[in-house]
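Note sheet for the following structure.
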Amino acid sequence: MVETRHNWPKQGVRFLAIDADKAGFTSANTAIWLYEDAGPTKDMATAKTDIVPYAPNTAVTLRSLQHRTKAYFREMRETGRRPLLFVGVPHVLHRGTVALEHADEIVI
């Protein structure tokens, strides 16, 4: 959001960074939705084909946003619309609970 020159709160936004190893993420209980269709999805009833089992090496490759996602944020700014914050951002989907002791608070 900052890179594409959207307003960002001066006090920052609070997120949780979860240690996947300590939280017990495995391919049996966690998947990654790659979100390769960088625009807002209107039909959530359609089965996703870009969901893969969790693997540490897959998660590491997703540290930067796709060009299409950044283009979406720029388009929203240029047209004066507020973007959906997580459109085009890969999602980690975990079945179960995650203890907060396995998370660090970060403010961006």
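Kindly provide the set of residues from region 60-86 that are at pLDDT 85 or above and β-branched (Val, Ile, Thr), ordered by number. Result: 69, 79.
The selection criterion, being more than 13 Å from the chain's Cα centre (by Cα), open to solvent by 80 Å² or more (accessible area, probe 1.4 Å) and modelled with pLDDT of 90 or more, does not hold for residue 19.
Condition (residue is assigned to a strand (DSSP E or B), under 22 Å from residue 18 (Cβ atoms) and without any contact (Cβ under 8 Å) to a residue 40 or more places away in the chain) applied to region 46-55: is it met by at least one residue? Among the residues of region 46-55, at least one is assigned to a strand (DSSP E or B), under 22 Å from residue 18 (Cβ atoms) and without any contact (Cβ under 8 Å) to a residue 40 or more places away in the chain, which makes the answer yes. Comparison of 98, 92 shows that the only residue that is surrounded by 11 or more Cβ atoms within 10 Å (Cβ to Cβ), modelled with pLDDT of 85 or more and part of a loop (DSSP other than H, G, I, E, B) is 98. Residue-level check: of (1) modelled with pLDDT of 85 or more; (2) under 26 Å from residue 104 (Cα atoms), residue 10 misses just (1).
The values are calculated or read from the model by the stated rules, or taken from the named source; none is laboratory data. The structure presented is a predicted model; accordingly, all values stated were derived computationally and were not measured. Reconstructed Cβ throughout: ideal geometry from the backbone, glycine too, with neighbour counts over all protein chains shown. Please note that ligands, DNA and RNA were not included when accessible areas were found on the heavy atoms of the full protein model with its side chains. Shrake-Rupley method; radii C 1.70, N 1.55, O 1.52, S 1.80 Å.
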